[in-house]
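The next block holds one structure in the form of structure tokens; read it before the comments.
Only the coordinates and a few stated rules stand behind these numbers; no lab work does. This is a predicted model, so every value here is computed, not measured. Methodologically, a virtual Cβ is constructed for each residue, glycine included, from the backbone with ideal geometry; neighbour enumeration extends over all protein chains shown.
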Amino acid sequence: MDYLWAFLVGGAICVVGQLLIDIFKLTPAHVTTSFVVLGALLDAFGIYDNLIKFAGAGATVPITSFGHNLLHGAMASAEDHGFIGIAMGIFELTSAGISSAILFGFLVALIFKPKG
Amino acid sequence: MSNKEQQQEYAKKIKPLQPKPPYFINCLKAYLVGGLICVIGEALMKFYMTYFNFNEETAGNPTAATLILIAALLTGIGVYDKIGQFGGAGSAVPVTGFANAITSAALEHKSEGIVLGIATNLFKLAGAVIVFGAVSAYIFGMIRYAFKTLM
């Protein structure tokens, strides 16, 4: 059942992105950046957490969860340190994603040859 | 004669000549590819929760890292571009698209050297995501914190 909801919700988020590309002629880069902002916005209203509870990886795998994690880390650290904490905690939860993207991206670029 | 007006007029003129994208087929492909990537993510999450003592909230981190590793390797051997051509937004919106953007930008500039080519261009495409994410999270965080302290 978890897999079904992950498929349905994750796929639906991608369809929204595809419609933005086809109808409003946005580039994929514009779609992903607006999705990150959207994820942070939804988390600001506390909506995104419910979506994760409901859809699991269907909500954590799309890039919207990146914005949600950024805001989540910032708010958690703001609890302890006030306004300064927002800047301290912003990359706390996304650290795994960003550092592994840097590491693996760098290594793959070193090892493989560019195609085409 | 302003340049912008000319551009708009030109865009209007050629509009009937441009082929319409097959909306339904594109959406179906995006749904399938995006949904399948999320199903793989769900399986990874379950795997980390059963064998590595992660809970539902923390399991997202190793899952994202694993998906990024897979996507970086697939980009390296040239498979992810094919998935991208088929799936459109279905391959760009999940976190794997982020990894693909980083790896492909680095690969493309490999000939310029390790420092000036790979390292400098690593965030050429994906940097926008981090910039907008951090700026918006900062602003929303400020607003939410201000509300919380005032209430």
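Listed here are the residues, each with its yes/no results for (1) within 21 Å of A:I13 (Cα to Cα); (2) in contact with a Phe, Trp or Tyr (Cβ under 7 Å, 6 or more places away or on another chain); (3) assigned to a helix (DSSP H, G or I).
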| residue | (1), (2), (3) |
| --- | --- |
| B:P19 | no, no, no |
| B:I25 | yes, no, yes |
| B:V33 | yes, yes, yes |
| B:M45 | yes, no, yes |
| B:N55 | no, no, no |
| B:T58 | no, no, no |
| B:T63 | yes, yes, yes |
| B:A72 | no, yes, yes |
| B:F86 | yes, no, yes |
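From the list B:I102, B:I130, exactly one residue is surrounded by 23 or more Cβ atoms within 10 Å (Cβ to Cβ) and part of a helix (DSSP H, G or I). Which is it? Show your work before the answer.
On the way: B:I130 fails: surrounded by 23 or more Cβ atoms within 10 Å (Cβ to Cβ).
Answer to the check: B:I102.
Just to be sure before I move on: is A:G17 in contact with a Gly (Cβ under 7 Å, 6 or more places away or on another chain), facing chain B (nearest Cβ under 7 Å) and among the small types (G, A, S) in the structure I sent? Quick ask: steps written out before the conclusion?
Details: in contact with a Gly (Cβ under 7 Å, 6 or more places away or on another chain): no; facing chain B (nearest Cβ under 7 Å): yes; among the small types (G, A, S): yes.
Answer is no for this residue.
If you take the residues of region B:15-69 that are more than 26 Å from B:K82 (Cβ to Cβ) and hydroxyl-bearing (S, T, Y), which of them is farthest from the other protein chains (Cβ to nearest Cβ)?
B:Y51
Looking only at helices (runs of 4 or more DSSP H) that lie completely in region A:22-75, which have at least 2 residues being surrounded by fewer than 24 Cβ atoms within 10 Å (Cβ to Cβ)? Lay out the reasoning, then the answer.
Working: elements: A:28-44, A:47-55, A:57-60.
Helices (runs of 4 or more DSSP H) meeting the threshold: A:28-44, A:47-55.
Has region B:132-147 got any residue that is more than 7 Å from every other protein chain (Cβ to nearest Cβ) and of a type in the set (D, E, K, R)?
no
Restricting attention to region A:40-54, does a residue exist that is under 25 Å from B:F24 (Cα atoms) and either in contact (Cβ under 8 Å) with a residue 60 or more places away in the chain or more than 8 Å from chain B (Cβ to nearest Cβ) (or both)? Please lay out each step first, then the result.
Within region A:40-54, the first condition is being under 25 Å from B:F24 (Cα atoms), and the residues that meet it are none.
Among the residues of region A:40-54, not one is under 25 Å from B:F24 (Cα atoms) and either in contact (Cβ under 8 Å) with a residue 60 or more places away in the chain or more than 8 Å from chain B (Cβ to nearest Cβ) (or both), which makes the answer no.
Only one residue in B:I118, B:I114, B:I77, B:I68 is under 20 Å from B:I130 (Cβ atoms), more than 17 Å from the chain's Cα centre (by Cα) and hydrophobic (A, V, I, L, M, F, W, C), so which one is that?
Numbers: B:I114 fails: under 20 Å from B:I130 (Cβ atoms); B:I77 fails: under 20 Å from B:I130 (Cβ atoms); B:I68 fails: more than 17 Å from the chain's Cα centre (by Cα).
None of the others qualify; the one that does is B:I118.
Any residue in region A:99-116 that's more than 8 Å from B:T103 (Cα to Cα): show its pairings with residues that are among the acidic types (D, E) at Cβ separation under 7 Å, as long as the two are six or more apart or on different chains.
Going by the 7 Å Cβ cut-off, the qualifying pairs are A:P114/B:E108.
For region B:74-92, how many residues are at negative phi, of a type in the set (G, A, S) and within 7 Å of chain A (Cβ to nearest Cβ)?
Filtering region B:74-92 for residues at negative phi gives B:74-77, B:79-87, B:89-92.
Okay, now just the ones that are also of a type in the set (G, A, S), so B:76, B:84, B:87, B:89-92.
From the residues that got through so far, the ones that are within 7 Å of chain A (Cβ to nearest Cβ) too are B:76, B:89-90, B:92.
Number of matching residues: 4.
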